[in-house]
Amino acid sequence: MNKILGLLSFVLITQGAGGLVHYFWDWFDVWTVVHRIGFLNGYEVFVCVVLIVLGVAVGGLSERFE
């Protein structure tokens, strides 16, 4: 369970950070998914910050399941 939550945390944080980098500097458009979802247009920054916060929370939760 710890490894699954750690992997999920890593994916959430990298998607959020990659989405922010893509939004501000137009890089990393290959592996980020936030900019590809149509109904999130205009909310990309908010969603990316939420993904990062959620990733940190899941990472903290994975530490409790050691």
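Residues in segment 29-45 that are over 13 Å from the mean Cα position of the chain (by Cα) and hydrophobic (A, V, I, L, M, F, W, C): how many?
Residues flagged as over 13 Å from the mean Cα position of the chain (by Cα) and hydrophobic (A, V, I, L, M, F, W, C) within segment 29-45 amount to 4.
Looking at (1) at pLDDT 90 or above; (2) under 16 Å from PHE10 (Cα atoms), which one does TRP31 not meet, given that it meets all the others?
Looking at each condition in turn, TRP31 falls short on (1).
Among the residues of segment 23-66, which ones are among the hydroxyl-bearing types (Ser, Thr, Tyr) and either without any contact (Cβ under 8 Å) to a residue 60 or more places away in the chain or not in a helix (DSSP H, G or I) (or both)? Talk me through it step by step, then tell me what you get.
So the first thing to find is which residues in segment 23-66 are among the hydroxyl-bearing types (Ser, Thr, Tyr), and the list is 23, 32, 43, 62.
Selection gives TYR23, THR32, TYR43.
The values are calculated or read from the model by the stated rules, or taken from the named source; none is laboratory data. Keep in mind the model is a prediction, meaning the values are calculated, not measured. All Cβ positions, glycine included, derive from the backbone under ideal geometry; neighbour counts span all protein chains shown.
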